[in-house]
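S.K.: Below: one structure in structure tokens.
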Amino acid sequence: MITERDLVYKLEPYLPPHTAPDIARLIVKYNVRFRITMPRNSVYGDYMHPHKGDTHRITVNGNLNAFAFLVTTIHEFAHLVVWTKHGNYPKPHGEEWKYEYKVLMQPFFGRHIFPMDVEKALHKYMHDPGASSCSDTDLMLALRNYDRIKKLVLEDVPEHGHFFFQEREFVKGRKLRTRYECREVSTNIIYLIGQTAEITLS
């Protein structure tokens, strides 16, 4: 059986300094099968509640930068705590989840864990956490500053520039709050695409 000390050793490369013990304690406390996965385009992390004798399972993408890895991990633990207290009754990102997320994140503030831009964006996000850190533009952009490999997002493309998104070619148009009107080249149909959507250049 893996010990808390072993967990700290395995987690340290993925998390900000001095935070691996916090996550290791949560894993041990809730008897979680915690797995670091290959990158997934659709999700950063995932929680599955116990089923047919299995225990809690959490997966987090291993390519996330340390701050995004921590934020995502806490996101999934909030789901776990909600399920433990309330079962499947609450909405996935309803008031119960928002409350538990805030409780779990609170111990990481005031410890100089996050860079100033990430901490500022996190404080704002904490007022009304969403389904994903990606749902908050300021937080997404702040976390992106610390990616190991910089990824292009739609915000980086000049107006009228061509780009590929989900293997389709678009032309970037005008901005509407946090999304852009983008014309698909093959159909001339206009789509609204979020400014933080990851893209490739043509």
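S.K.: Does Arg179 satisfy the condition of being surrounded by 15 or more Cβ atoms within 10 Å (Cβ to Cβ), outside the structural domain of Met116 (by TED's automatic domain parsing), of a type in the set (D, E, K, R) and at negative phi?
M.R.: For Arg179, the condition - surrounded by 15 or more Cβ atoms within 10 Å (Cβ to Cβ), outside the structural domain of Met116 (by TED's automatic domain parsing), of a type in the set (D, E, K, R) and at negative phi - is met.
S.K.: Here is a follow-up. On the given criteria, is Phe109 on the phi < 0 side of the Ramachandran plot, outside the structural domain of Thr37 (by TED's automatic domain parsing) and of a type in the set (A, V, I, L, M, F, W, C)?
M.R.: For Phe109, the condition - on the phi < 0 side of the Ramachandran plot, outside the structural domain of Thr37 (by TED's automatic domain parsing) and of a type in the set (A, V, I, L, M, F, W, C) - is not met.
S.K.: When segment 1-15 is examined, which residues are found to be without any contact (Cβ under 8 Å) to a residue 12 or more places away in the chain and closer than 12 Å to Leu70 by Cα?
M.R.: Glu12, Pro13
S.K.: Taking Pro92 as the residue in question, decide whether it is in contact with a helix residue (DSSP H, G or I) (Cβ under 8 Å, 6 or more places away or on another chain), surrounded by fewer than 17 Cβ atoms within 10 Å (Cβ to Cβ), in contact (Cβ under 8 Å) with a residue 12 or more places away in the chain and not in a helix (DSSP H, G or I).
M.R.: Yes: the conditions hold for Pro92.
S.K.: Shifting gears a bit: Considering only residues of segment 131-155 that are of a type outside the set (Val, Ile, Thr) and loosely packed, with under 15 Cβ neighbours inside 10 Å, which is modelled with the lowest pLDDT?
M.R.: Among those that are of a type outside the set (Val, Ile, Thr) and loosely packed, with under 15 Cβ neighbours inside 10 Å, it is Ala131.
S.K.: Looking at Thr72, Thr37, Thr55 in this structure, which one is over 18 Å from Glu198 (Cβ atoms), assigned by TED's automatic domain parsing to the domain that holds Ala121 and of a type outside the set (D, E, K, R)?
M.R.: Thr55
S.K.: A further question follows. If we keep just the residues of segment 133-181 that are closer than 27 Å to Val71 by Cα and in a strand (DSSP E or B), which is farthest from the chain's Cα centre (by Cα)?
M.R.: By that ranking, first place goes to Tyr180.
The values are calculated or read from the model by the stated rules, or taken from the named source; none is laboratory data. Treat the numbers as computed from the prediction; the structure is a model and nothing was measured. Here the Cβ is made from the backbone with ideal geometry for all residues, glycine too, and neighbour counts use every protein chain on show.
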